[in-house]
Amino acid sequence: MANRYKSDLTWSDVTPENVFLNRRAFMAGTAAFAAGGIAATSGVPAFAASQYSTDEEPNAWEEITQYNNFYEFGTGKSDPAEYAHALTTSPWSIEIDGMVEKPGKYSFEDIMSQMTVEERIYRFRCVEAWSMVIPWNGFELADLLTMAGVDTNAKYVGFETLVRPEEMWGQKRAFVPWPYREGLRMDEAMHPLTIMATGIYGKDIPNQNGAPMRLVVPWKYGFKSIKSIVKITVSDTQPETSWNMINPREYGFYSNVNPEVAHPRWSQASERKVGGGLLAKRVPTQMFNGYGAEVASLYDGMDLAKNF
Ligand SMILES: Nc1nc2c(c(=O)[nH]1)N[C@H]1C(S)=C(S)[C@@H](COP(=O)(O)O)O[C@H]1N2
Ligand SMILES: [Mo]
């Protein structure tokens, strides 16, 4: 995450998408006026820059929304883009239960009226060794948990995706024990880098990316970032997580990006940047996906090869 506070603006900072504004625009004094003009004419909301955003070039909208993993809609990379339109995302609610002061079903609108959405341009690393840079819009998970009032003795947060086979045809197959489940330790869940994403490039998050609300944990392998969440359970025991249930030898609960711990079937030392072209060189994978300065201390004293 070198240079992430760089604030020079050039026209190349406006992506080919033409509507997206690089966060640098907002730090660039007079240039902010021109930037605001573009936002106004395109109708895309402008978000203040976040200290947590990378200044790496984001992937194109087409890459982010047409190369996906969302097994509820099939296992092919283009299946989610092809089939996820069948998903009804309104009305939507999230049940928050377990060790919270205010358990209950919260509607999407109710949650959004209480949350502050900002832009977070994050690196994203799939366990399959491909990566992207994605300009999410979302709010900190900590704010949602605080809204529900977390019991001080709680240690973990579990998440579940919607089960609706009529709309999610992949759920008619038993390959994953539905619902898709994920979980975080409480300090990971409360970390300011951990967000609930509701948009990409200032637009509502597309169904194939996990509409209307999905988790994003940028220092962990992509499968931890569970999509289309309908349930959050706060507890004092480690929740079951889908890939760990399917194959505990290959997928641990933590799944922090770690170039030194190979997947049993492939190396994690390097990665392919999606959109880089077929001839592009692989790039080295960074410990904690480049977020070590922010999160390494969460794992002080832990053996990360054992707690993979
Ligand atoms: N419910 C659900 N969430 C999911 C998945 C899934 O199959 N089902 N796939 C995961 C994996 S493996 C990755 S890499 C990311 C992909 O997110 P993206 O398609 O937005 O890039 O979503 C994660 N979240
Ligand atoms: Mo993944």
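Looking at region 214-247 only, could you name the residues that are polar (S, T, N, Q), near ligand 1 (Cβ under 10 Å from one of its atoms) and more than 10 Å from the chain's Cα centre (by Cα)?
Here is the first cut: in region 214-247, the residues polar (S, T, N, Q) are 225, 228, 233, 235, 237-238, 241-242, 244, 247.
Applying the additional criterion that residues be near ligand 1 (Cβ under 10 Å from one of its atoms) yields 225, 228, 242.
Residues satisfying the conditions are Ser228, Ser242.
How about region 126-152: which of its residues are more than 16 Å from ligand 1 (Cβ to nearest atom), outside any helix (DSSP H, G or I) and not charged (D, E, K, R)?
Selection gives Phe139, Gly149, Val150, Thr152.
So the check is Cβ under 9 Å with 6+ separation or different chains; which pairs have a first residue in region 288-303 that's of a type in the set (Asp, Glu) and a second one that's buried (at least 16 other Cβ atoms within 10 Å of the Cβ)?
Once the first residue is of a type in the set (Asp, Glu) and sits in region 288-303, its partners that are buried (at least 16 other Cβ atoms within 10 Å of the Cβ) give Glu294/Met1; Glu294/Tyr52; Glu294/His191; Glu294/Leu193; Glu294/Trp219; Glu294/Phe288.
Can you find even one residue in region 102-122 that is under 22 Å from Tyr221 (Cβ atoms), surrounded by 22 or more Cβ atoms within 10 Å (Cβ to Cβ) and within 12 Å of ligand 1 (Cβ to nearest atom)?
Yes, there is a match, as at least one residue in region 102-122 is under 22 Å from Tyr221 (Cβ atoms), surrounded by 22 or more Cβ atoms within 10 Å (Cβ to Cβ) and within 12 Å of ligand 1 (Cβ to nearest atom).
In this structure, does Pro259 turn out to be in a loop (DSSP other than H, G, I, E, B) and either in contact (Cβ under 8 Å) with a residue 60 or more places away in the chain or under 21 Å from the mean Cα position of the chain (by Cα) (or both)? Before the answer, list the steps.
Details: in a loop (DSSP other than H, G, I, E, B): yes; either in contact (Cβ under 8 Å) with a residue 60 or more places away in the chain or under 21 Å from the mean Cα position of the chain (by Cα) (or both): yes.
Answer is yes for this residue.
Is it the case that region 185-194 has a residue that's crowded, with 17+ Cβ neighbours inside 10 Å, within 14 Å of ligand 1 (Cβ to nearest atom) and either without any contact (Cβ under 8 Å) to a residue 40 or more places away in the chain or in a helix (DSSP H, G or I) (or both)?
Scanning region 185-194, I find no residue that is crowded, with 17+ Cβ neighbours inside 10 Å, within 14 Å of ligand 1 (Cβ to nearest atom) and either without any contact (Cβ under 8 Å) to a residue 40 or more places away in the chain or in a helix (DSSP H, G or I) (or both), so the answer is no.
Considering only residues that are among the β-branched types (Val, Ile, Thr), more than 15 Å from ligand 2 (Cβ to nearest atom) and assigned to a loop (DSSP other than H, G, I, E, B), which ones fall in region 221-251? First the steps, then the outcome.
Of all residues in region 221-251, those among the β-branched types (Val, Ile, Thr) come to 226, 229-230, 232-234, 237, 241, 246.
Filter once more, keeping what is more than 15 Å from ligand 2 (Cβ to nearest atom): 229-230, 232-234, 237.
Scanning region 221-251 gives a single hit, Thr237.
Considering each of Lys224, Lys220, Lys273 in turn, give the residue that is buried (at least 18 other Cβ atoms within 10 Å of the Cβ), touching an Asp or Glu at 6+ places or on another chain (Cβ under 6 Å), among the basic types (Lys, Arg) and at pLDDT 95 or above. Reasoning before the result, please.
Numbers: Lys220 fails: touching an Asp or Glu at 6+ places or on another chain (Cβ under 6 Å); Lys273 fails: touching an Asp or Glu at 6+ places or on another chain (Cβ under 6 Å).
Just one listed residue meets the conditions, Lys224.
The values are calculated or read from the model by the stated rules, or taken from the named source; none is laboratory data. Here the structure is a predicted model, which is why all the values come from computation and not from measurement. Note: ideal-geometry Cβ built from the backbone for every residue, glycine included; neighbour counts use all protein chains shown.
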